[in-house]
1. Of the numbered conditions (1) surrounded by fewer than 21 Cβ atoms within 10 Å (Cβ to Cβ); (2) under 20 Å from Ser158 (Cβ atoms); (3) more than 10 Å from the ligand (Cβ to nearest atom), Ser49 fails exactly one; give the number of that condition.
2. Quick check on this structure: which one of Cys164, Cys207 is touching a residue at least 12 places away in the same chain (Cβ under 8 Å), in contact with an Asp or Glu (Cβ under 8 Å, 6 or more places away or on another chain) and open to solvent by less than 50 Å² (accessible area, probe 1.4 Å)?
3. Give the residues of region 251-269 that are open to solvent by less than 30 Å² (accessible area, probe 1.4 Å), within 12 Å of the ligand (Cβ to nearest atom) and among the hydrophobic types (A, V, I, L, M, F, W, C), sorted by residue number.
4. Filtering region 210-234 down to residues that are in contact with a helix residue (DSSP H, G or I) (Cβ under 7 Å, 6 or more places away or on another chain) and part of a loop (DSSP other than H, G, I, E, B), which residue is surrounded by the fewest Cβ atoms within 10 Å (Cβ to Cβ)?
5. Looking only at region 162-186, how many residues end up being farther than 15 Å from Ile338 by Cα and under 21 Å from the mean Cα position of the chain (by Cα)?
6. Answer yes or no: is there a residue in region 298-321 that is surrounded by fewer than 15 Cβ atoms within 10 Å (Cβ to Cβ) and at positive phi.
7. Please tell me if Asn81 is surrounded by fewer than 22 Cβ atoms within 10 Å (Cβ to Cβ), within 21 Å of Ile287 (Cα to Cα) and more than 13 Å from the ligand (Cβ to nearest atom).
8. Need a quick list: strands (runs of 3 or more DSSP E) entirely within region 270-376 having at least 3 residues that are within 15 Å of the ligand (Cβ to nearest atom).
Amino acid sequence: MKKRVMIIGGGYAGVSLLHKLKNEIGIELILVDKSQTHLLQTHLHKYISGYYSKDDITFNHEKYCKENSIEFICEEISNINYKDNYVISRENILYHYDYLIIATGSVSMFPSQIENVIEYTKDIKKIDNLDFYRNKFQKILDSHDTNRSVLVVGGGVSGLQIACEIAYTIKSKGLNKDNIQVTLIEGMDTILPGMDSFLIEKSIQRCAELDIKVINNLFASKILEDSVILSNGDEISYDMLLFVIGAIGNNIISHDENIQENPRNQLIVDDYYKVKPYDNVFAIGDIVQAIDSNTNDFQAPTAQASRMQAELTAKNILKDINGDTLISNNISNKGILIDLGGPNCAIGRVLNINLSGKIALWLKKLIYSLHTKKFN
Ligand SMILES: Cc1cc2nc3c(=O)[nH]c(=O)nc-3n(C[C@H](O)[C@H](O)[C@H](O)COP(=O)(O)OP(=O)(O)OC[C@H]3O[C@@H](n4cnc5c(N)ncnc54)[C@H](O)[C@@H]3O)c2cc1C
């Protein structure tokens, strides 16, 4: 009897796991995703700017699954019965599993302390919202007015990449900051807070080159229809506002009193990425609170971590089925690559080596093509 291995969520983690297990003969693979497409979040800034097309950042689940003899169910899972091994969809359909892998990712964080944040902001992790921002940016570009403003709140990797890509696009169209000012607001005293000084310095330089106005040490405290009030009372107007201050686990389907979660809605897993006390349930990707095996700190929720967790989990599912000893968590962060706008500018720190220019860019492109190759 084949084991029914069900993956909820075809993001970076889920797809990487499918890819590792798709040729295993003792397994019947099922992917459940509420979306028809895999969204490449790592490159969404290039979609907002208009540089990438939808085909560059979305990949059809149905097609991938058909080509690899995987069952695809396009449904949102709203509950899990862990004791009896089935999931329940929003349409109230029950699907049975032998092994379940929760890979539902994360959603953008919109703290309720920031007045009106839900009303005037959108989660960039949803393709419809990306279309909204892409169209809005295109209209701003086409208007050729002066004094337009794009505001990016959150100066971590995602916010920085978006701000740089947008500012680069403005420059490449022959416009300048008098036409459209890009402003990046970061509550800490630097962009890329907590990161290596090399990455911070290079990013600050790049923001200056691209005329991005960086505001540090101030928080957005209230959002209005066309302006943001900062924590010191200053008001900044905007024509387009992107809110990228972090993410929380997309943990809508696992509220079970026996399962441990952290305050960021992430599932706490054991050393094998199992969701205890359920021995046949694993969780991988942004939805888990995982530990870096080198530093013992929490792993950052990244595509890189998702892929490595998927590879380990694929091996462990096979071992579990065969009754072999599982491999414990051996995942550690290999580094980071950051796109600083346009086709030619990236920086990184990989295996403790600082990278910039062509090598960083080449590595970034390599990672993109290794991942997207799965769909070709
Ligand atoms: C702007 C931006 C830039 C980034 N840049 C980088 C980078 O340069 N390098 C890097 O390593 N990481 C980067 N990341 C982080 C990286 O994209 C995430 O860590 C990664 O996508 C997480 O993968 P995942 O599979 O856990 O979740 P996701 O990719 O979010 O996928 C989750 C999937 O689950 C599905 N789903 C959710 N709930 C349900 C449900 N109830 N029922 C059915 N389906 C469901 C969703 O539709 C989705 O397809 C970036 C993120 C952003 C937003």
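1. That leaves (1) as the condition not met.
2. Going through Cys164, Cys207 in turn, the sole match is Cys164.
3. Listed by number, the residues that qualify are Ile253, Leu267.
4. Only one residue tops the list, namely Glu225.
5. Here the count works out to 3.
6. Checked region 298-321: no residue is surrounded by fewer than 15 Cβ atoms within 10 Å (Cβ to Cβ) and at positive phi.
7. Here the answer is yes, as Asn81 does meet what is asked.
8. Here the list reads 281-283, 335-339, 346-350.
The values are calculated or read from the model by the stated rules, or taken from the named source; none is laboratory data. Computed from a predicted model, the values in this text were never measured in an experiment. Here Cβ is always computed from backbone atoms with ideal geometry, including for glycine, and neighbour counts include all displayed protein chains. Accessible surface is based on the protein model in full, side chains and every heavy atom, while ligands, DNA and RNA are left aside. Shrake-Rupley method; radii C 1.70, N 1.55, O 1.52, S 1.80 Å.
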